[in-house]
1. Of all beta bridges DSSP finds with both residues in the range 133-299, what is the antiparallel percent, to the nearest 5?
2. Comparing E68, E333, E208, which has the greatest mean-square fluctuation in the GNM of the chain with Cα pairs linked when under 10 Å apart?
3. Tabulate in residue order the Karplus-calculated ³J(HN,Hα) for the range 183-197, using 6.51 cos²θ - 1.76 cosθ + 1.60 with θ = phi - 60°, rounded to whole Hz; enter x for Gly and Pro.
4. For the chain, count all C-alpha to C-alpha pairs, find those more than 35 Å apart, and express that count as a whole percent of the total.
5. Quick one: if the Förster radius is 25 Å, what FRET efficiency do R56 and K331 give, using the C-beta to C-beta distance and rounding to 0.05?
6. Which angle between 0 and 90 degrees, to the nearest 10, do you get for helix 309-321 versus the longest principal axis of the chain when only C-alpha atoms count?
7. Summing Lys, Arg as +1 and Asp, Glu as -1, what charge do residues with Cβ under 13 Å from the Cβ of L95 carry, L95 excluded?
8. Helix 51-73: angle to the longest alpha-carbon principal axis of the chain, degrees 0 to 90, nearest 10?
Amino acid sequence: MADTKKSCYILAIETSCDETSVAIVKDGRDIVANIVSSQIDTHQKFGGVVPEVASRKHVETITFIIDEAVRKSGLSLADLSAIAVTQGPGLVGSLLVGIVAAKSLALALDLPLIGTHHIAGHIYANALVHEMEYPCVALVASGGHTELVYIEREGVFRLIGRTRDDAVGEAYDKVARALQFPYPGGPHVDRLAGEADEAIELPRAWLEPESYDFSFSGLKSAVLNVINQAKMRGEPPMRAALARGFQESVIDVLVEKSIRAVKAYEAKQLLLCGGVAANKGLRAALAARCEAERVPLFVPPHELCGDNAAMIAAAAYLKWQRGQFTPLDMKAEPLFSLEGWSVE
Ligand code: KG4
Ligand code: ZN
């Protein structure tokens, strides 16, 4: 069992997609350093993340980012208690870069290794900013994930809903591209939607009445249809009204299903996390609805919503407290199960 009496400093590495990040977090909640190096500039010219390019970029930067995080923390390597790393889900080549770095550090420093689930990280970003109460429900909305997660007790996850096709951020990025915005287009669509005086009515994918699942590809196709029809008529597309119609459809479904889950599972808190949590329209709509329903809503600050290693350290702390470490021969898990990663 880990010695939980003295302070625990976890160094965490996150390389699951297009951010290279290293953080050191004390006792699962105090961020000592959190360095995030984004590859957006590199991928922008391709209109999206190119997996092979992402892995190469991680290789180029990872050792510098580790050095920077340690320097910024003012700690020495001897002060560290464990090494955590995102084991999955994510791009396999990208995950491997972080995993090899983490294994090397764990071996060289003779420290325990903690393979960590990326979505658990997004959820436990909340532990870095407020006291979590259980049971709670998390809406994870990012470029790669759209999930409703029921957390019955600390570190025990049940996936109650997920997207059946595109992730919500992915749909934002595709719609943004059709509206001629650069990658990642989510923030542009959000801004344009906020400027619109009217909205083009678009479908909402509610799926089966009891379902907490999502689907965004039909909505994305509906947007593309409107653009193509305007093109055929030789008219410019009503970009702002389209952005607003798209955003309203997304928000309606996300808000409704989240609130339904909170009630059904008698959750004490609703947690919004992932890159799309930055969406102004979503935050406002969820905040208004949660206030009306008297549901406490928590959203981590912007820098902890996108991919970062501090959130990985926060989730890894759950395992550290219980002495649940990962063998050094662990592999990257591109389709890692969140439920399977639960602490018990
Ligand atoms: O969590 P994240 O940084 O990376 C992934 O794990 O995917 O999320 C990035 C995604 C991108 O698809 C981006 O367009 C979207 O989050 N995003 C937004 C906004 N800001 C970022 N989508 C809608 N509105 C925003 N304001
Ligand atoms: Zn993520």
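The values are calculated or read from the model by the stated rules, or taken from the named source; none is laboratory data. Since this is a predicted model, take the numbers as computed values, not measurements. A quick note on method: Cβ atoms are made from the backbone with ideal geometry, for glycine too, and the neighbour counts reach across all protein chains shown. Just the protein is used for accessible areas: all its heavy atoms, side chains included, with ligands, DNA and RNA removed. Shrake-Rupley method; radii C 1.70, N 1.55, O 1.52, S 1.80 Å.
1. Within the range 133-299, antiparallel bridges account for around 60 percent of the total.
2. Largest GNM mean-square fluctuation: E208.
3. After applying 6.51 cos²θ - 1.76 cosθ + 1.60, I find 6, x, x, x, x, 5, 5, 4, 5, 5, 4, x, 8, 6, 8 Hz.
4. On the way: 13487 of 58996 pairs.
When all Cα pairs of the chain are counted, 23 percent exceed 35 Å.
5. Numbers: r = 20 Å, r/R0 = 0.82.
After rounding, the FRET efficiency stands at 0.75.
6. 50 degrees
7. Numbers: positive: K103, K331; negative: E14, D18, E19, D307, E333.
Counting the neighbours of L95, the net charge comes to -3.
8. In the chain, helix 51-73 runs at an angle near 50 degrees to the longest axis.
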